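Read the structure below first, then the notes.
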Amino acid sequence: DHVDLMDRMLEAGMKTLISNARIAIREPENYDARAEIMWAGSLSHNGLTGCGRKTDWASHQIEHELGGMFDVAHGAGLAAVWGSWARYVRSENMTRFARFAVNVMGVPNNFKDAEATAEAGIQAMEAFYRSIGMPVNIKELIGRDITDAEIEEMADKCSTNGTQTVGSLKVLKREDMIAIYKMARG
């Protein structure tokens, strides 16, 4: 829980990515913006920012089933499920979600209501996704409503027919995956 240096590195990386993504969308040939995005991505994916902490890749695993079933890009799928995943698990560490809201998304801290701060941060992240043309739910991602049968199939695959869990912030069982997919419907 106490990994101040890594927390601050992650926050700096996310802020760098967000600000440069906005530039790269407006100016696709802007080398500096693209280089900053690649540098932030490289540092995140080489394991450095996971040092000294448990990491949680549940949203990625949940998205993998979307990508497999609907042949969508991983990043777009993540944008479509991230908000629902975050809302589902935030109560496990409300302080971390509130810190993200304030330090990364620039949301004012509601010192009397950490949940309101966390929700405002999730909404701000979804607004960022929309601002760069990303979907924030499954309907926006695939262009239609998802069926209960498709949700069940994705949850079965993600949980290996209910025999495996995903996540560390909150350990997610098949039923949790179904709930997240339903929240992400749109």
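The values are calculated or read from the model by the stated rules, or taken from the named source; none is laboratory data. Just so it is clear, the structure is predicted and the values come from calculations on it, not from any experiment. When we count neighbours, we look across all protein chains shown, and the Cβ atoms used for this are built from the backbone with ideal geometry, even at glycine. Heads up: the accessible areas ignore ligands, DNA and RNA and are worked out on the full protein's heavy atoms, side chains in. Shrake-Rupley method; radii C 1.70, N 1.55, O 1.52, S 1.80 Å.
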query = In the set 126, 175, 150, 140, which member is among the acidic types (Asp, Glu), more than 16 Å from residue 59 (Cβ to Cβ) and under 18 Å from the mean Cα position of the chain (by Cα)?
reply = 140
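Report yes if residue 149 is without any contact (Cβ under 8 Å) to a residue 24 or more places away in the chain, open to solvent by 20 Å² or more (accessible area, probe 1.4 Å), assigned to a helix (DSSP H, G or I) and more than 26 Å from residue 23 (Cα to Cα), otherwise no.
yes
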inquiry  = Yes or no: the range 64-77 includes at least one residue that is in a helix (DSSP H, G or I), closer than 24 Å to residue 6 by Cβ, of a type outside the set (Val, Ile, Thr) and open to solvent by less than 10 Å² (accessible area, probe 1.4 Å).
reply    = no
ask   = In the list 35, 12, 40, which residue meets the criterion of being in a helix (DSSP H, G or I), modelled with pLDDT under 95 and either over 30 Å from residue 155 (Cβ atoms) or open to solvent by less than 70 Å² (accessible area, probe 1.4 Å) (or both)?
value = 40
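Counting just the residues of the range 23-32 that are in contact with a helix residue (DSSP H, G or I) (Cβ under 7 Å, 6 or more places away or on another chain) and not polar (S, T, N, Q), which one comes out most open to solvent (accessible area, probe 1.4 Å)?
Our first condition is that a residue be in contact with a helix residue (DSSP H, G or I) (Cβ under 7 Å, 6 or more places away or on another chain); within the range 23-32, this holds for 23-24, 27, 30.
Checking which are not polar (S, T, N, Q) leaves us with 23-24, 27.
On the way: 23: 48, 24: 17, 27: 82 Å².
Only one residue tops the list, namely 27.
Can you find a residue that is part of a loop (DSSP other than H, G, I, E, B) and among the hydroxyl-bearing types (Ser, Thr, Tyr) anywhere in the range 45-55? Please lay out each step first, then the result.
Of the range 45-55, the ones part of a loop (DSSP other than H, G, I, E, B) are 46-47, 51-55.
Then drop every residue that is not among the hydroxyl-bearing types (Ser, Thr, Tyr), which leaves 55.
Taking every residue of the range 45-55 in turn, at least one turns out to be part of a loop (DSSP other than H, G, I, E, B) and among the hydroxyl-bearing types (Ser, Thr, Tyr).
Is at least one residue of the range 86-96 open to solvent by 50 Å² or more (accessible area, probe 1.4 Å) and acidic (Asp, Glu)?
Pass one, the range 86-96, residues open to solvent by 50 Å² or more (accessible area, probe 1.4 Å): 87-88, 91-92, 95-96.
Then keep just the ones that are acidic (Asp, Glu); that gives 92.
The answer is yes, given that some residue of the range 86-96 is open to solvent by 50 Å² or more (accessible area, probe 1.4 Å) and acidic (Asp, Glu).
Restricted to the range 152-172, and to residues that are in contact with a strand residue (DSSP E or B) (Cβ under 9 Å, 6 or more places away or on another chain) and free of Cβ contacts under 8 Å to residues at least 60 places away in the same chain, which residue is surrounded by the most Cβ atoms within 10 Å (Cβ to Cβ)?
Restricting attention to the range 152-172, the residues satisfying the condition of being in contact with a strand residue (DSSP E or B) (Cβ under 9 Å, 6 or more places away or on another chain) are 158-159, 165-166, 172.
Checking the rest, the ones that are also free of Cβ contacts under 8 Å to residues at least 60 places away in the same chain come to 159, 165.
On the way: 159: 21, 165: 18.
Out of the qualifying residues, it is 159.
For (1) open to solvent by less than 70 Å² (accessible area, probe 1.4 Å); (2) in a loop (DSSP other than H, G, I, E, B); (3) more than 27 Å from residue 26 (Cβ to Cβ), each residue gets a yes or a no:
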residue: 102; (1), (2), (3): yes, no, no
residue: 106; (1), (2), (3): yes, yes, no
residue: 112; (1), (2), (3): no, yes, yes
residue: 122; (1), (2), (3): yes, no, no
residue: 130; (1), (2), (3): no, no, no
residue: 136; (1), (2), (3): yes, yes, no
message = Need pairs with beta-carbon distance below 6 Å; first residue within 17 Å of residue 75 (Cα to Cα) and within the range 18-37, second among the polar types (S, T, N, Q) and part of a helix (DSSP H, G or I); sequence gap 6+ or separate chains.
response = 37/20
